[in-house]
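In what follows, a single structure is set out as structure tokens and then discussed.
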Amino acid sequence: MLKKLSDLHEIVKKAPKKKLVLAVAQDEHSLEAVVAASDMKIIDCLLVGDKVKIEQIAKEKNIKLSKATIIDEPNLTQAVAKSVKLVHFGEADILMKGNIGTAALLKGVLNKEWGLRKNSLLSHIALFEVPAYHHKLIALSDVAMNIAPDLNAKVNIINNAIEFLNKLGINEPKIAVIGAVELVNVMMPATMDAALLSKMADRGQIPNCLIDGPLAFDNAISAASARHKGIRSNVAGEADMLLLPDIEAGNVLYKSFVFFANAKVASLVLGASAPIVLTSRSDSEVSKLDSIILAAATQ
Ligand code: COD
């Protein structure tokens, strides 16, 4: 069982080297991360973006780009399109977001002609090492792509997550569907979806996982909290993933983990024809490097 993000290093060592394309590459932390991953022989990198700015950042921050290939494209939309097409046409294995907004990159990814659609829904997953959740890694989905998923979208988000967690050796992931309370309340639609998802998993309609919900955050991550409330659950306190009701709840929890709980995180978009490294622009170089390693380990 993976306990730390650094455990991914062992998995990635056995994987063949990948080619990564960094879209809109004029970004200090992203350049540092791809160069570090290249030095670790995990990837070769293509940098698509404003060549003058890329070289200026590299010079100022002493980042060695000698092994990277730069494709000069100062226009942001064109840089996204060129990067996505490189993956679409098989010239790169992993796409990574550089100095561009999430929505702008995802619009390219979803392009019907040359995008990276594979599964019926693409979704974002963030894998955390939280010191306070000491016994294993924990994932959150969806905190960055699907804004207000309906029941069907939640099923697709869960199926993408199961496929991903299986690749990390978690065969029957325990998924807690988060609500504000642990009882079904018709005034809180997230609790209704949670109850439906739990029953769908019980009946094999969502196979290869254990789902329980609604669970409030404390019950999901603490067996003692769940016991205190009289909740009998095989997921409470053991969750491998928390399914969040919407992007706001997800994003707030993501940032709380990082800023208040000293968590490390690696993030990807799942369900596309290739892994997409989609970290926040404020994420550290370490987080970006761990995300590249995660992409290479699960590709
Ligand atoms: N998976 C597969 N197809 C999708 C998805 C998805 N997750 N989302 C939309 N589509 C398809 C639709 O079926 C349709 O065919 C086409 O894409 C366009 O659909 P729209 O008009 O709903 O989508 P867009 O292009 O307006 O928006 C898609 C985004 C992913 C850009 C949008 O959902 C978005 O902005 N998400 C939040 C991104 C963000 O700002 N994150 C920041 C938080 S850190």
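For the stretch 250-279, filtered to residues that are polar (S, T, N, Q) and within 29 Å of His88 (Cα to Cα), the residue that is nearest to the ligand (Cβ to nearest atom) is Asn251.
To keep it simple, each residue is scored yes or no on (1) in contact with a Ser or Thr (Cβ under 7 Å, 6 or more places away or on another chain); (2) not β-branched (Val, Ile, Thr).
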position: His134; (1), (2): no, yes
position: Ile138; (1), (2): no, no
position: Ala144; (1), (2): yes, yes
position: Ile147; (1), (2): no, no
position: Ile157; (1), (2): yes, no
position: Ala161; (1), (2): yes, yes
position: Phe164; (1), (2): yes, yes
position: Gly169; (1), (2): no, yes
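Taking the stretch 184-233 as the range and being touching a Leu at 6+ places or on another chain (Cβ under 8 Å), among the β-branched types (Val, Ile, Thr) and more than 22 Å from Ile170 (Cα to Cα) as the test, the residues that pass are Thr191, Ile231. Here Val24 passes the criteria (1) among the β-branched types (Val, Ile, Thr); (2) modelled with pLDDT under 95; (3) buried (at least 24 other Cβ atoms within 10 Å of the Cβ) except the one numbered (2).
Working only within the stretch 127-150, note down all residues that are surrounded by fewer than 14 Cβ atoms within 10 Å (Cβ to Cβ) and under 26 Å from Ala103 (Cα atoms). Within the stretch 127-150, Ile147, Ala148, Asp150 qualify. If we scan the stretch 63-84, do we find a residue that is within 18 Å of Leu268 (Cβ to Cβ) and either more than 12 Å from the ligand (Cβ to nearest atom) or touching a Phe, Trp or Tyr at 6+ places or on another chain (Cβ under 9 Å) (or both)? So far as the stretch 63-84 goes, yes, one or more of its residues are within 18 Å of Leu268 (Cβ to Cβ) and either more than 12 Å from the ligand (Cβ to nearest atom) or touching a Phe, Trp or Tyr at 6+ places or on another chain (Cβ under 9 Å) (or both). Residue count for the stretch 163-176 satisfying the condition of being buried (at least 23 other Cβ atoms within 10 Å of the Cβ) and either over 15 Å from Ala297 (Cα atoms) or in contact with a helix residue (DSSP H, G or I) (Cβ under 9 Å, 6 or more places away or on another chain) (or both): 3.
Check Ile247, Ile221 and return the single one that is within 16 Å of the ligand (Cβ to nearest atom), outside the structural domain of Val12 (by TED's automatic domain parsing) and out of contact with any helix residue (DSSP H, G or I) (no Cβ under 8 Å at 6 or more places or on another chain). On inspection, the qualifying residue turns out to be Ile247. Residues in the stretch 32-62 that are closer than 21 Å to Val80 by Cα, without any contact (Cβ under 8 Å) to a residue 40 or more places away in the chain and in a helix (DSSP H, G or I): Val35, Lys51, Val52, Lys53, Ile54, Glu55, Gln56, Ile57, Ala58. Suppose the filter is of a type outside the set (Lys, Arg), away from the ligand (no atom under 16 Å from the Cβ) and out of contact with any Phe, Trp or Tyr (no Cβ under 9 Å at 6 or more places or on another chain); does Asp27 pass it? Here the answer is no, as Asp27 does not meet what is asked. If only residues of the stretch 60-102 that are closer than 17 Å to Ile42 by Cα and among the hydroxyl-bearing types (Ser, Thr, Tyr) are counted, the one that is nearest to the chain's Cα centre (by Cα) is Thr69.
Against the definition (within 16 Å of the ligand (Cβ to nearest atom), out of contact with any helix residue (DSSP H, G or I) (no Cβ under 6 Å at 6 or more places or on another chain), closer than 30 Å to Met192 by Cβ and not aliphatic (A, V, I, L, M)), how does Asn234 come out, yes or no? No.
The set of residues in the stretch 240-257 that are over 20 Å from Asn166 (Cβ atoms) and in contact (Cβ under 8 Å) with a residue 40 or more places away in the chain comprises Leu244, Pro245, Asp246, Ile247, Ala249, Gly250, Asn251, Leu253, Tyr254, Phe257. For the stretch 63-84, the candidate set comprises residues that are assigned to a helix (DSSP H, G or I) and small (Gly, Ala, Ser); within that set, the residue that is farthest from Ala104 (Cα to Cα) is Ser83.
The values are calculated or read from the model by the stated rules, or taken from the named source; none is laboratory data. This structure is a prediction, so every number in the text was calculated from the model and none was measured. Note: ideal-geometry Cβ built from the backbone for every residue, glycine included; neighbour counts use all protein chains shown.
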